[in-house]
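Undergrad: My questions will all concern the structure given below.
Nothing in this text is a laboratory measurement; each read-out follows from the coordinates by a stated rule. Everything numeric in this text was worked out from a predicted model, so none of it was measured. Heads up, the Cβs are rebuilt from the backbone with ideal geometry, glycines too, and the neighbour counts pull from every protein chain shown.
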Amino acid sequence: MITRMSSLFLRTLREDPADAEVPSHKLLVRAGYVRRVAPGGYSWLPLGLRVLRRIETVVREEMDAIGAQEIQFPALLPKEPYETTGRWTDYGDSLFRLQDRKGVDYALGPTHEEFFALAVKGEYSSYKDYPVALYQIQTKYRDEARPRAGILRGREFVMKDSYSFDLDDEGLERSYQAHRAAYIRIFDRLGLDYVVVAATSGAMGGSASEEFLAVSPTGEDTYVRSTESGFAANVEAVVTPVPPAQAIEGRPEARPHHTPDTPTIESLVDFLNGAGLGRTFTAADTLKNVLVKTRAPGTKDWTLLGIGVPGDREVDMKRLEAALEPDEAALLDEKDFATNPFLVKGYIGPKSLRDNGVRYLVDPRIVPGTAWVTGADKADHHVVDLLCGRDFTPDGTIEAAEVWEGDASPDGQGTLIAARGIEIGHIFQLGRKYADAFELDALGADSKPIRITMGSYGVGVSRLVAVIAEQHHDELGLCWPRTVAPADVHVVLAGKDESIAEGAEKLAAELSERGLRVLLDDRKASPGVKFADAELVGVPTILVVGRGLAKGLVEVKDRASNEREEVPVDEAVQRLV
Ligand code: ATP
Ligand code: MG
Ligand code: MG
Ligand code: MG
């Protein structure tokens with residue numbers, strides 16, 4: 001196939017778009033792959049759509065290879081199934097909700113667990129039907145708080161989501177491992193540098209969920225990995241479990257030597273060492289931000305219970321304020337830090353915790369001193385004073401202590417290093433949550449119902465276009481790996497002579513006949529403009545047909561390495577196929 005630049009719906013831009021901060025966003029817009037239509041909404045122009053389709057093909061092939069079957073749901077979905085599982089409200093502000101002309105509620109699907117569960121319930125009834133895995137490659141909608149970086153975080157984006165249905169836990173484990181292996185093949189084929197990290201704490205059950213993070217400084221996720229073992233975890237996944245029982249039994253009452261009036265490093269160290277955090281603290285440790293947090297059972301968000309500020313009181317108020325919701329920040333008063341080593345205000349999410357350098361999380365029940373407790377509904381503030389001997393009974397449980405760069409790896413091998421990544425895939429052992437909600441059962445051999453167990457598995461297909469661009473570019477432009485590139489060879493016709501035009505056409509035709517996808521720059525533009533565009537567009541091989549042709553030579557340039565070589569024209573095709 002030959003695509004002619006003279007008629008291609010493509011206009012490249014010399015300037016970076018004003019709203020672009022990350023390289024992929026700048027380059028994909030400049031090179032004419034995507035155009036912004038709305039906040040978090042982009043159109044795909046011909047070259048961009050080709051890359052997107054190539055990625056879809058890789059994903060589809062690997063899904064088919066593990067026996068998953070492709071189906072397709074609408075994006076416009078009724079409310080009731082989401083109500084059945086509670087997600088109509090649980091999903092919060094990210095769910096796009098709308099009404100039809102009769103006032104009936106609908107959602108634009110952010111993910112489709114409910115509908116796949118219902119689909120299987122509709123078609124299958126016997127244990128003999130199982131296992132089954134279904135997938136779709138489809139547009140998803142999420143009203144992201146901060147649509148960002150072009151197609152990296154859109155409000156409308158393409159996801160491959162699949163769902164597995166098994167009769168028992170072993171079956172689910174097999175389905176999960178099959179998806180895991182398929183994801184490794186997908187991301188390898190796409191030429192990505194990525195890590196697989198635990199996405200939930202060990203306390204919540206082994207490999208219940210893992211994320212695939214593309215290594216990138218522009219990533220919004222922070223992960224830690226061991227310098228020696230294969231251990232890797234998203235920092236959001238709390239990795240050193242503290243058994244709740246130990247926390248509760250160990251210290252139900254106050255430790256009298258550590259009072260709000262005598263905050264010292266030593267007393268805090270002492271208390272931390274008694275807190276069962278799985279490591280020993282010394283006064284030399286940075287203990288500026290010891291944070292007490294809790295979370296209500298079954299909820300995702302943490303409630304901030306206290307910040308320990310021993311002695312030196314070096315709290316960075318600006319950073320702390322930035323981490324809080326505005327109304328919560330308004331509650332902060334620097335004076336409080338002067339009088340209370342365990343100042344407690346407000347509510348804070350795990351990401352903000354990390355951004356504030358918070359490292360160790362302590363069970364409030366073993367923290368002496370005065371604490372504010374913020375109830376799950378946020379409105380319910382009250383003071384609990386341990387030294388007055390009142391019971392401290394927060395509505396949450398402590399789950400773990402976070403680990404951080406420089407700590408010992410939880411598996412005891414090596415120390416942890418931290419880096420940033422972009423989430424490109426996420427695999428989940430859902431268990432029976434959705435099957436329970438919809439009573440998804442199979443009739444067993446003994447005529448008794450068997451509750452089905454599910455897994456769900458997502459790949460950010462459109463996000464991958466940007467992620468690959470993040471990892472494959474230089475200061476001149478994009479450098480696509482061949483698997484996803486919009487063309488295999490970019491033939492640049494550089495010169496006005498009729499013979500050059502003929503030579504370029506002939507080469508393009510031969511390459512095309514041999515099965516290569518050719519982008520032919522046959523425009524009436526200067527060689528300089530054409531070279532710059534070829535570098536910007538990023539097709540893996542650039543073939544320059546110019547003055548050298550008179551001597552029987554053309555130039556072959558590898559876009560990724562920028563190495564160029566003069567090649568006899570009769571060998572050029574042979575070289576490239
Ligand atoms: P993130 O942490 O980046 O918000 P997520 O955990 O909310 O992603 P999942 O619900 O796990 O996303 O969805 C599966 C995949 O869909 C993600 O791994 C990611 O690659 C992709 N994805 C999620 N949100 C977006 C988005 N707003 N734009 C583009 N791709 C997205
Ligand atoms: Mg998200
Ligand atoms: Mg995520
Ligand atoms: Mg995820």
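Undergrad: Which far-off residues, 5 or more places away or on another chain, put their amide H under 5 Å from the one on GLU70, with H placed in the peptide plane?
TA: TYR135
Undergrad: So how do TRP44, TRP480 line up by other beta-carbon neighbours within 10 Å, fewest first? Intermediate results must be reported in sequence, preceding the final value.
TA: Working: TRP44 19, TRP480 26.
Fewest to most other Cβ atoms nearby, the residues stand as TRP44, TRP480.
Undergrad: Using a basic spin-label model with each label point 7 Å from the Cα along Cα→Cβ, how many nm lie between GLU61 and ASP193?
TA: So the label points at GLU61 and ASP193 sit 2.4 nm apart.
Undergrad: What ranking of GLU220, GLU21, GLU470 emerges when the number of other C-beta atoms within 10 Å of each C-beta is taken as an exposure proxy, fewest first?
TA: Working: GLU220 16, GLU21 12, GLU470 23.
Ranking GLU220, GLU21, GLU470 by Cβ neighbours within 10 Å, fewest first, gives GLU21, GLU220, GLU470.
Undergrad: While we're looking at this one, here's another question. Can you sort CYS388, CYS479 from fewest to most other Cβ atoms within 10 Å of each residue's own Cβ?
TA: Least to most surrounded, the residues fall as CYS388, CYS479.
Undergrad: Same structure again: In whole angstrom, note down how far apart the Cα centers of the stretch 494-534 and the stretch 550-577 are.
TA: One Cα centre to the other: 13 Å.
Undergrad: Same structure, new question: Given R₀ = 51 Å, what would the calculated FRET efficiency be for ARG432 paired with SER7, taking r from the Cβ atoms and rounding to 0.05?
TA: Once rounded, the FRET efficiency stands at 0.35.
Undergrad: Can you list the residues, at least 5 places off or on another chain, whose amide H is less than 5 Å from the amide H of ARG517, using H built in the peptide plane?
TA: ASP488, VAL489
Undergrad: Restricting things to Cα coordinates, could you compute the convex hull volume per residue of the stretch 478-577 in Å³?
TA: Details: hull volume 8.3 nm³, N = 100.
Cα-based convex hull of the stretch 478-577, divided per residue, equals 83 Å³.
Undergrad: Which FRET efficiency value, to the nearest 0.05, do you get for ALA38 and ASN562 by plugging their Cβ-Cβ distance into 1/(1 + (r/R0)^6) with R0 = 30 Å?
TA: On the way: r = 37 Å, r/R0 = 1.22.
Taking R0 as 30 Å, the efficiency between ALA38 and ASN562 is 0.25.
Undergrad: For an R0 of 41 angstrom, estimate the FRET efficiency from the Cβ-Cβ distance between ALA408 and GLN177 and round to the nearest 0.05. Don't skip to the answer; put the middle values down first.
TA: Details: r = 29 Å, r/R0 = 0.70.
Working from the Cβ atoms, E equals 0.90.
Undergrad: Across the stretch 491-501, in residue order, what do the Karplus-derived ³J(HN,Hα) couplings come to in whole Hz, using 6.51 cos²θ - 1.76 cosθ + 1.60 with θ = phi - 60° and x for Gly and Pro?
TA: So the J values, rounded to whole Hz, are 8, 9, 8, 10, x, 8, 4, 4, 5, 5, 4.
Undergrad: Pairs to check: LYS160/LYS448; LYS26/LYS496; LYS26/LYS140; LYS26/LYS506; LYS102/LYS433; LYS79/LYS121. Give those whose C-alpha atoms are more than 30 Å from each other in this structure.
TA: Details: LYS160/LYS448 34 Å; LYS26/LYS496 32 Å; LYS26/LYS140 24 Å; LYS26/LYS506 35 Å; LYS102/LYS433 32 Å; LYS79/LYS121 18 Å.
Those over the limit are LYS160/LYS448; LYS26/LYS496; LYS26/LYS506; LYS102/LYS433.
Undergrad: Would you please put 76-82, 23-29 in order of how densely packed they are, using the mean number of other Cβ atoms within 10 angstrom per residue and starting with the highest?
TA: Details: 76-82: 16.6, 23-29: 25.1.
Ranking, from highest mean packing down: 23-29, 76-82.
Undergrad: Hey, if you drop one equal point scatterer on each alpha-carbon of the stretch 56-115 and run the Debye formula without solvent, what base-10 log of I(q)/I(0) do you get at q = 0.27 Å⁻¹?
TA: -1.08
Undergrad: Sticking with this one: On a full-extension model of 0.36 nm per residue, what is the gain between ARG53 and ASP105, subtracting their alpha-carbon distance, rounded to one decimal in nm?
TA: Full extension from ARG53 to ASP105 adds 15.4 nm.
Undergrad: Let me have the relative contact order for the stretch 487-535, percent, based on Cα pairs under 8 Å that are six or more residues apart.
TA: 51 percent
Undergrad: Taking amide hydrogens as modeled 1.01 Å from N in the peptide plane, which residues meet the under 5 Å criterion relative to SER209, leaving out close sequence neighbours?
TA: ALA199, THR200, GLN429
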